[in-house]
């Protein structure tokens, strides 16, 4: 099947939040312009409070921009849609549903489950958890749960895949394994993937493009294209160069 | 590449030689071998209920009665039936054990001391009432008398039981259903909570029995009035529990469900309610105990039928044996109802089994 090509545009997008305790307003995101296309794997890095998660949630449609518009192929985003799949830092698997039913949740909600059961099984195959399909999420390890969460949104074959620090809570080994897994899944479909991360190495290792952000107010300060083929070598000279450049931009580059 | 490695994660923990172990087999593997003395003790404990049952029979047969005892065979028969039931249970568990199914006999071993105590208790009670009259007759009637009167008056007792059950279930379920609706609506919609919350705060703390005298005066029929009182108590318990349950649902579940294409209605029915289910069922259990209190009080105070009324009526005729018979029936009904609720709860919450012990 030919993949649908989409263009995501953020046009002069700002987002401010009112604090609960007083009348103060924080500017999480200030006048962001951004154009992204299918086939890109975009990493967002930056210190906390720079609005990287806010960008993701705006694209998902979970929140609405204060000013400006978010649009996909010219159509403004107003509410969440399975076309824009999202994976959160917490797996947020529904604890009352088995692994299999968690994966089937989205199809069931859209009334598409009938006749598409094979898609659920294909997803279980992709993550190699077929033997766990009747288990409840509490019985899974963190890595397994996050894999299930990943295919739970992938079952809709979303045009845009939003990853909000999906590997943040995992141990180092599971994390590296899953970086490769996510890349493999993305490489097959070449949808537009946008991932928020704290980890500069991860951002370079996975992204075709790294957006460096800064806080107060939240904005994109640098847009770096990573010209390396996959799989990438974390110790190669150019990788280290990218890392230094980004760390410098984030004001952590003292020794380089 | 890495996808294959995932499978190895499974292999290490799941499908090796140890992989097909059941919980029971694991327990056996790790358990220390019981020595001869412990094994013998297990057997004695499992046979103990039969011995205690026989002691009760001997006590009943051979100690002379303090008062005249009509139809002495009834209690004897009941004892024999109970002992026979235990023996059958024992045999079934033993056969299962022979076929390799251990949990059944372990359960029996676990329960056997209680059964033994029950038989001793029956014997002791009989000694204190029928044999010696330390508990004065006929105020605390011996079990034989209670069983006899229950059998003689069975038509009326069954009638009253049905009446009680009908009242209890009608009141309970109407309260629970309305409670579910208001509780879920309150938990999910801010506006509904705005209007319903004051009502709950105002009416909630009033103990249900307080309503009964008012209902006696106001209600067009006592039966409907009693249903209302029972329903009110259940409504309150279920509303509060489901409201808390729903408003405590982690927001991230709603967000995840929305990005997966769930509509507003689906968020309520497929996320909020299942997530709040433990709390909701807790409310249902609480509602049942409140309903049990309410119905007993209602029947004692005004409703002219049912077991509570039967007890009161028996008391006014000084028919203490009837009173005790009704008490036992009430006890059985409430136990069964609570047990059924518990089974439903376990079934619905089996996803929690790993978490909540």
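Data table
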read-out: Only listed residue being under 30 Å from residue B:267 (Cβ atoms) and either under 24 Å from the mean Cα position of the chain (by Cα) or crowded, with 20+ Cβ neighbours inside 10 Å (or both), chosen from B:246, B:230; value: B:246
read-out: Filtered residues of segment A:146-174 (kept if surrounded by fewer than 18 Cβ atoms within 10 Å (Cβ to Cβ) and more than 11 Å from chain B (Cβ to nearest Cβ)); value: A:157, A:168, A:169, A:171, A:172
read-out: Subset of segment A:67-88 (residues that are without any contact (Cβ under 8 Å) to a residue 60 or more places away in the chain and within 14 Å of chain B (Cβ to nearest Cβ)); value: A:77, A:78, A:79, A:80, A:81
read-out: Residue match in segment A:9-16 (condition: surrounded by fewer than 17 Cβ atoms within 10 Å (Cβ to Cβ) and part of a loop (DSSP other than H, G, I, E, B)); value: no
read-out: Failed item in (1) closer than 17 Å to residue A:147 by Cα; (2) at pLDDT 90 or above; (3) out of contact with any helix residue (DSSP H, G or I) (no Cβ under 9 Å at 6 or more places or on another chain), with residue A:179 passing the rest; value: (3)
read-out: Residue B:250, sole failed condition from (1) within 20 Å of residue B:176 (Cβ to Cβ); (2) within 14 Å of chain A (Cβ to nearest Cβ); (3) without any contact (Cβ under 8 Å) to a residue 40 or more places away in the chain; value: (1)
read-out: Every residue from segment A:103-112 that is buried (at least 23 other Cβ atoms within 10 Å of the Cβ) and either in a strand (DSSP E or B) or within 8 Å of chain B (Cβ to nearest Cβ) (or both); value: A:105, A:106
read-out: Condition check for residue B:272: without any contact (Cβ under 8 Å) to a residue 60 or more places away in the chain and buried (at least 19 other Cβ atoms within 10 Å of the Cβ); value: no
read-out: Single match in A:128, A:115, A:143 (criterion: more than 10 Å from chain B (Cβ to nearest Cβ) and either under 21 Å from the mean Cα position of the chain (by Cα) or surrounded by fewer than 21 Cβ atoms within 10 Å (Cβ to Cβ) (or both)); value: A:115
read-out: All helices (runs of 4 or more DSSP H) inside segment A:158-256 with 2 or more residues being at positive phi; value: none
read-out: Residues located in segment B:329-349, provided they are more than 8 Å from the chain's Cα centre (by Cα) and surrounded by 15 or more Cβ atoms within 10 Å (Cβ to Cβ); value: B:329, B:330, B:333, B:345, B:348, B:349
read-out: Identity of the residue in segment A:131-140, in a loop (DSSP other than H, G, I, E, B) and closer than 25 Å to residue A:183 by Cβ, that ends up farthest from the other protein chains (Cβ to nearest Cβ); value: A:133
read-out: Test for residue B:57: is it under 30 Å from residue B:228 (Cα atoms), out of contact with any strand residue (DSSP E or B) (no Cβ under 7 Å at 6 or more places or on another chain) and part of a helix (DSSP H, G or I); value: no
read-out: Scope segment A:214-250; condition farther than 25 Å from residue A:10 by Cβ and without any contact (Cβ under 8 Å) to a residue 12 or more places away in the chain; matching residues; value: A:228, A:229, A:233, A:235, A:236, A:237, A:238, A:240, A:241, A:248
read-out: Criterion: in contact (Cβ under 8 Å) with a residue 40 or more places away in the chain and touching a helix residue (DSSP H, G or I) at 6+ places or on another chain (Cβ under 8 Å) - qualifying residue of A:166, A:158; value: A:166
read-out: Residue within segment A:53-66 that is more than 9 Å from chain B (Cβ to nearest Cβ) and at positive phi present; value: no
read-out: One residue from B:83, B:105, B:87, B:55 being touching a helix residue (DSSP H, G or I) at 6+ places or on another chain (Cβ under 7 Å) and at pLDDT below 90; value: B:105
read-out: Flag for residue A:100 being part of a helix (DSSP H, G or I), in contact with a helix residue (DSSP H, G or I) (Cβ under 9 Å, 6 or more places away or on another chain), touching a residue at least 24 places away in the same chain (Cβ under 8 Å) and farther than 19 Å from residue A:53 by Cβ; value: yes
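Let's see how each residue does on (1) buried (at least 24 other Cβ atoms within 10 Å of the Cβ); (2) at pLDDT below 90; (3) within 10 Å of chain A (Cβ to nearest Cβ); (4) within 23 Å of residue B:207 (Cβ to Cβ):
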| residue | (1), (2), (3), (4) |
| --- | --- |
| B:236 | yes, no, no, yes |
| B:239 | yes, no, no, yes |
| B:260 | yes, no, yes, no |
| B:267 | no, no, yes, no |
| B:287 | yes, no, no, yes |
| B:294 | yes, yes, no, yes |
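The values are calculated or read from the model by the stated rules, or taken from the named source; none is laboratory data. Computed from a predicted model, the values in this text were never measured in an experiment. A quick note on method: Cβ atoms are made from the backbone with ideal geometry, for glycine too, and the neighbour counts reach across all protein chains shown.
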